[in-house]
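**Q** Handing you a structure now.
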Amino acid sequence: MLQKDSFLKTPSWVSEAVVYEIFPDRFCRSGHVEDQEGLLFQKWGSNPTLNGFQGGDLYGIIEKLDYLMGLGITCLYLTPIFLSTANHRYHTNDYFNVDPILGGNKAFKELISAVHKRNMRIVLDGVFNHCGRGFWPFQNLLENGTSSPYIEWFKVNNWPLKPYVKNGEKCGYHCWWNNPALPKFNHNSEHVRNYLISVAMHWVEMGIDGWRLDVADEVPIEFWLEFRNKVKGINSDVWIFGEIWGDARPWLESKCFDGVMNYRIGWSILSWVAGNNLKSNYKNQMYPLKSITTQCFITTLETTFGWYESDINYSQLNLLDSHDVPRALSTLGGDIPALKIALFLLFLQPGASCIYYGTEVGLSGSKDPNCRESFPWGIESNHEISLLINSLSSLKKELLQHIKQRFQWQVDGNNGLFGWAGISNSSRSSDASSAYVFINRSRRYPLKAIDLRGEVVFQLGDVEIDSHCLGPQSAVLIAS
């Protein structure tokens with residue numbers, strides 16, 4: 001019997017994880033899904049659209065697992081895979097069945113087996129705030145009106161319901177951000193809560209290693225507390241993290257989740273690394289892309305990590321970008337050296353490091369749907385970014401997971417960043433007890449470092465150890 005306290009513990013494996021986010025429709029089309037036969041898909045590699053399907057599937061992911069292992073990936077995070085009418089599948093129609101276009105439940109069972117056989121983990125995306133209008137209880141409500149046995153599952157304002165509204169009309173029910181395609185659940189209903197939690201438990205019993213929870217801040221905290229207890233009751237090592245873009249203290253202090261999607265780390269890294277070359281036409285107050293000073297960057301890091309306890313900071317999903325924001329390389333204006341520094345900074349932060357699929361081959365789509373491109377298979381071998389990610393994954397495993405506490409940072413001129421941290425239980429052959437990081441974001445000018453003595457563990461760009469000088473857009477990590 002699991003002890004109650006075990007429900008509150010964050011999984012120890014998360015701090016070591018290198019996560020790879022996959023948008024299944026665009027990752028890899030295997031050609032082995034029987035339910036795809038006779039269907040009409042967009043051509044693979046065509047411009048991504050809001051409605052079009054390109055036919056990626058779960059067998060395609062299985063085929064690429066060895067490739068992902070070669071990158072150093074240890075955990076997959078899949079955006080929704082359940083039956084849906086949308087290519088992104090956030091419009092869930094059946095929570096107990098994987099979309100047949102992806103290969104169905106059979107393919108998913110094979111994927112779980114293949115992932116675990118490689119000592120990797122898999123996290124699913126749970127959409128428990130709303131459903132699709134094709135969800136069978138909502139369809140029952142549309143058909144039967146006030147006589148529907150599912151009337152309490154949703155919040156109705158007025159009849160008749162209009163799931164397909166015309167200009168100026170209202171749909172008559174609560175929906176996510178006024179989108180009639182996404183009816184909101186009534187979490188006051190015990191039947192709704194029991195149903196959704198049974199979904200979560202079912203897939204954990206099936207073998208998944210975690211849940212990413214969509215728009216988690218729009219669901220009552222009480223529901224998440226019950227959700228956590230039931231899920232952790234099956235497997236206390238399951239990772240639960242919510243999609244909360246800003247200050248998540250109300251949820252994390254309440255122990256609803258192990259962590260959240262740490263978007264503040266992403267936008268602050270990109271905003272600092274890019275300097276005055278930032279492409280900032282994307283407007284989102286929760287992901288504010290604007291050039292910032294080194295001190296502003298440090299303050300953002302200190303504030304964000306200062307909000308939470310240490311075990312939470314080591315259970316966060318740190319990311320530069322995702323399916324919901326412009327790709328990092330787009331934000332950086334195509335500047336690959338800047339992206340390399342951004343990835344280096346990402347891996348230095350406590351918690352799981354997340355790579356959005358295609359980053360390693362230079363995908364650079366802007367805001368969605370453009371950031372949801374199909375993977376251009378055939379160019380992935382020995383790409384300079386993929387080689388970097390492999391090196392960073394090794395660095396995380398061999399050294400960074402042994403950092404005692406997070407790096408402490410200070411300003412080093414207008415474009416320089418200096419950080420230090422203690423090392424404990426290092427698996428490295430040296431007796432180093434401290435790690436030092438120097439970064440120069442300038443595209444034009446070198447940076448005179450404080451002191452580069454010690455063992456060079458990792459290096460980007462032109463670094464002259466003897467003269468203690470970092471060339472433009474360069475970085476180094478030294479152990480001593």
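The values are calculated or read from the model by the stated rules, or taken from the named source; none is laboratory data. This one's a predicted model, so the numbers in the text were calculated from it and none came from an experiment. Every residue, glycine as well, gets a Cβ built from its backbone with ideal geometry; the counts of neighbours run over all protein chains shown.
**Q** On the basis of being surrounded by 16 or more Cβ atoms within 10 Å (Cβ to Cβ) and either part of a loop (DSSP other than H, G, I, E, B) or of a type in the set (S, T, N, Q) (or both), does ILE240 make the cut?
**A** Numbers: surrounded by 16 or more Cβ atoms within 10 Å (Cβ to Cβ): yes; either part of a loop (DSSP other than H, G, I, E, B) or of a type in the set (S, T, N, Q) (or both): no.
The answer is no for ILE240.
**Q** From the list LYS184, LYS106, LYS155, LYS117, pick out the single residue that is in contact (Cβ under 8 Å) with a residue 24 or more places away in the chain, closer than 29 Å to MET206 by Cβ and basic (Lys, Arg).
**A** Selected residue: LYS184, the only one of LYS184, LYS106, LYS155, LYS117 that is in contact (Cβ under 8 Å) with a residue 24 or more places away in the chain, closer than 29 Å to MET206 by Cβ and basic (Lys, Arg).
**Q** Has region 209-217 got at least one residue that is touching an Asp or Glu at 6+ places or on another chain (Cβ under 6 Å), surrounded by 20 or more Cβ atoms within 10 Å (Cβ to Cβ) and among the small types (Gly, Ala, Ser)?
**A** yes
**Q** Can you pull out every residue in region 273-290 that is in contact with a Leu (Cβ under 8 Å, 6 or more places away or on another chain) and either assigned to a loop (DSSP other than H, G, I, E, B) or buried (at least 18 other Cβ atoms within 10 Å of the Cβ) (or both)?
**A** VAL273, ALA274, LEU278, LYS279, SER280, TYR282, LEU289, LYS290
**Q** Continuing with the same structure: Inside region 244-268, can you point out the residues that are closer than 17 Å to THR10 by Cα, in a loop (DSSP other than H, G, I, E, B) and of a type in the set (D, E, K, R)?
**A** The answer is GLU253, LYS255, ASP258.
**Q** While we're here: Cβ-Cβ below 6 Å, separation at least six or inter-chain, first residue in region 189-206 and more than 10 Å from TYR95 (Cα to Cα), second of a type in the set (A, V, I, L, M, F, W, C) and not in a helix (DSSP H, G or I): which pairs?
**A** VAL192/PHE185; VAL204/VAL238
**Q** So which residues in region 407-429 are within 24 Å of ALA274 (Cβ to Cβ) and surrounded by fewer than 19 Cβ atoms within 10 Å (Cβ to Cβ), if there are any at all? It would help to see each step written out before you state the result.
**A** As a first pass, look at region 407-429 and keep what is within 24 Å of ALA274 (Cβ to Cβ): 407-419.
Within region 407-429, GLN408, GLN410, VAL411, GLY413, ASN414 qualify.
**Q** Would you be able to say whether some residue in region 28-48 is acidic (Asp, Glu), touching a helix residue (DSSP H, G or I) at 6+ places or on another chain (Cβ under 9 Å), assigned to a loop (DSSP other than H, G, I, E, B) and assigned by TED's automatic domain parsing to the domain that holds ASP324? Before you say what the answer is, go through the steps one by one.
**A** If we filter region 28-48 for residues that are acidic (Asp, Glu), which is where we start, we get 34-35, 37.
With touching a helix residue (DSSP H, G or I) at 6+ places or on another chain (Cβ under 9 Å) added as a condition, the list becomes 34-35.
If we keep only those that are assigned to a loop (DSSP other than H, G, I, E, B) as well, we get none.
Among the residues of region 28-48, not one is acidic (Asp, Glu), touching a helix residue (DSSP H, G or I) at 6+ places or on another chain (Cβ under 9 Å), assigned to a loop (DSSP other than H, G, I, E, B) and assigned by TED's automatic domain parsing to the domain that holds ASP324, which makes the answer no.
**Q** Continuing with this model, one more query. Suppose we filter region 97-137 for residues that are under 19 Å from TYR59 (Cβ atoms) and aromatic (Phe, Trp, Tyr); how many remain?
**A** Residues flagged as under 19 Å from TYR59 (Cβ atoms) and aromatic (Phe, Trp, Tyr) within region 97-137 amount to 1.
**Q** Checking LYS117 against (1) under 30 Å from PRO48 (Cβ atoms); (2) among the basic types (Lys, Arg); (3) under 30 Å from the mean Cα position of the chain (by Cα), only one condition comes out false. Which one?
**A** (1)
**Q** Can you spot a residue in region 381-398 that is small (Gly, Ala, Ser), in a loop (DSSP other than H, G, I, E, B), modelled with pLDDT under 95 and exposed (fewer than 13 other Cβ atoms within 10 Å of the Cβ)?
**A** Looking through region 381-398, at least one residue is small (Gly, Ala, Ser), in a loop (DSSP other than H, G, I, E, B), modelled with pLDDT under 95 and exposed (fewer than 13 other Cβ atoms within 10 Å of the Cβ).
**Q** Looking at SER442, is it out of contact with any strand residue (DSSP E or B) (no Cβ under 7 Å at 6 or more places or on another chain), among the hydroxyl-bearing types (Ser, Thr, Tyr), more than 30 Å from GLY45 (Cα to Cα) and part of a loop (DSSP other than H, G, I, E, B)?
**A** Considered against the rule, which asks whether it is out of contact with any strand residue (DSSP E or B) (no Cβ under 7 Å at 6 or more places or on another chain), among the hydroxyl-bearing types (Ser, Thr, Tyr), more than 30 Å from GLY45 (Cα to Cα) and part of a loop (DSSP other than H, G, I, E, B), SER442 comes out as yes.
**Q** Provide a single number: the residues in region 50-98 that are under 11 Å from ASP25 (Cβ atoms), in contact with a Pro (Cβ under 8 Å, 6 or more places away or on another chain) and surrounded by fewer than 19 Cβ atoms within 10 Å (Cβ to Cβ).
**A** The total comes to 0.
**Q** Criterion first (in the same structural domain as ASP209 (by TED's automatic domain parsing), free of Cβ contacts under 8 Å to residues at least 24 places away in the same chain and of a type in the set (Gly, Ala, Ser)) does SER394 satisfy it? Even if it seems obvious, please write down each step before you answer.
**A** Details: in the same structural domain as ASP209 (by TED's automatic domain parsing): yes; free of Cβ contacts under 8 Å to residues at least 24 places away in the same chain: no; of a type in the set (Gly, Ala, Ser): yes.
The answer is no for SER394.
**Q** Here's another thing I want to ask about it. Identify all residues within region 102-111 that are surrounded by 18 or more Cβ atoms within 10 Å (Cβ to Cβ) and out of contact with any His (no Cβ under 9 Å at 6 or more places or on another chain); write none if there are none.
**A** LEU102, GLY104, PHE108, LEU111
**Q** Continuing with this model, one more query. Output the residues belonging to region 180-212 that are farther than 25 Å from SER15 by Cβ and in contact with a strand residue (DSSP E or B) (Cβ under 6 Å, 6 or more places away or on another chain).
**A** Residues satisfying the conditions are LEU182, PRO183, LYS184, ASN186, VAL192, VAL199.
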